[in-house]
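None of the figures in this text is laboratory data; all of them are computed from the coordinates on show. Everything quoted here is computed from the prediction, not taken from an experiment. Neighbour counts are summed over all protein chains in view; Cβ atoms, including those assigned to glycine, are modelled from backbone coordinates with ideal geometry.
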Amino acid sequence: MFKNSFRSHLLFAKSEQGGILLFIVLIVVVLSCYLFVDFSSEKSLDTTSPEVVLKQKQLDSLRLAELEARKPKIYPFNPNFITDYKAYTLGMPTEAFDKLQQFRKENKWINSISDFKRVTGVSDVWLDSISPYFKFPDWVTHPKPKFNKSNFVDFNKEKPFQQKIDLNKATALELQQVSGIGEALSERIIKYRNTLGGFSDDVQLYEVYGLSPQVVERTKNLFTVKSPKMIYKININSASASDLSTIPGINFDLGKKIWEFVKVREGIQSLAELEKIEGITAKKIERFQLYLSVE
């Protein structure tokens, strides 16, 4: 009875058999498509193309620039006054900061990068990245030269003749030893010396434009003419106004005044008489004596 009942379940009508067959065919088709057909979609963008690579680099650089801009800006600072927060933002190790604080509590100062390294013991890598921002006071970075007594020159004390430098051989640097003579004045002295063909007397320094009498006196304490140039003097009693105007310190107008002064007196006995002319001082006469004689 059971056998007959089971067999009855396996018997199908023709329409049912067709439906079952169609269902089986559909299953086979679906499985075949799943196994043999590639459903993966083709990539629409080639990430290896030069254009994509270039754009990617640009995006990366913009991203890095943005990250760099977000970093805290470091301004020059004195490392002696680093605070807790400053040390944290700089990435300074805690133990290094503690050593710095202890050093400062002893009222000691860091005056160089090497001092900072010695006191804190920070790594060279960290120090190389931060030390360019260190800013020490000017009196540390540009200290005034210490007074060296052995090199001190007392310009108010005249040296012996043997120890003086020949004024006709002195260099610009040697002249600049004198207080009040800089680069410009030292070059002007040498230029005037070359114009004269060499100094004949120390008093000719007064003829250099810009040299004050005080500076000349200090110069004469260290320099003197040891190889004087020979000067052929002019007889003032027979000289013309034009002859007199060739002398340093005498222009044509002054030369004419001197000539008229001498002619009115039919000659003079001493150059000191020229002090009676307005504008002529004893100091000027001292210079004129190099070029003038009374005969």
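Anything over 19 Å Cα to Cα? Flag those among LYS229/LYS257; LYS157/LYS220; LYS226/LYS284; LYS169/LYS226; LYS86/LYS135; LYS191/LYS229, in the order listed.
Violating the 19 Å Cα-Cα cut-off are LYS229/LYS257; LYS226/LYS284.
Show me, for segment 169-183, the HN-Hα J-couplings you get by feeding each phi into the Karplus relation (A = 6.51, B = -1.76, C = 1.60, θ = phi - 60°), rounded to Hz, glycine and proline as x.
So the Karplus estimates, Gly and Pro as x, are 10, 5, 8, 4, 5, 5, 5, 6, 5, 6, 5, x, 10, x, 5 Hz.
Want the number for GLU286 to GLU106: 0.36 nm per residue separation, take away the alpha-carbon distance, what's left?
58.1 nm
Would you report the distance distribution of C-alpha pairs in segment 234-293 as whole percents per 5 angstrom bin, up to the bin with the largest distance?
Pair shares across the bins are 4, 20, 37, 32, 7.
So how do LEU22, LEU196, LEU205 line up by other beta-carbon neighbours within 10 Å, fewest first?
Placing the least packed residue first, the sequence is LEU22, LEU196, LEU205.
Can you tell me which aspartates and glutamates have their Cα less than 20 Å from the Cα of LYS164? Leave out same-chain residues fewer than eight positions away.
ASP154, GLU174, GLU187, ASP201, ASP202, GLU217
From the Cα gyration tensor of segment 155-224, with a ≥ b ≥ c the square roots of its eigenvalues, which class applies: rounded if a/c is under 1.5, or else prolate if a/b is larger than b/c, or else oblate?
Note, shape of segment 155-224 comes out rounded.
Give, in nm to one decimal, the length gained when the segment between VAL28 and SER238 is fully stretched (0.36 nm per residue of separation minus the Cα-Cα distance).
The span from VAL28 to SER238 would gain 61.1 nm if fully extended.
What Kirkwood Rh does segment 79-141 have if only Cα atoms enter the pairwise 1/r average? Answer in Å.
11.9
Given points 7 Å out from each Cα along the Cα-Cβ axis, report the LEU35 to GLN56 separation in nanometres with one decimal.
It works out to 3.9 nm between the two label points.
Each residue of segment 218-231 in turn: what ³J(HN,Hα) in whole Hz from Karplus with 6.51, -1.76, 1.60 and θ = phi - 60°, glycine and Pro shown as x?
Values per residue, Gly and Pro as x: 5, 5, 5, 6, 10, 10, 7, 7, 9, 10, x, 7, 6, 10 Hz.
As an exercise, use a Förster radius of 30 Å and the Cβ-Cβ distance of THR94 and LYS73 to find the FRET efficiency, rounded to the nearest 0.05.
In this case the efficiency is close to 0.85.
What number, in percent, do you get for the relative contact order of segment 177-260 if the mean sequence gap of Cα pairs under 8 Å and at least 6 apart is divided by its residue count?
Result for segment 177-260 is 24 percent.
Counting other beta carbons within 10 Å of each residue's own, what order do GLU266, GLU95 fall into, fewest first?
Listed from fewest to most nearby Cβ atoms, that is GLU266, GLU95.
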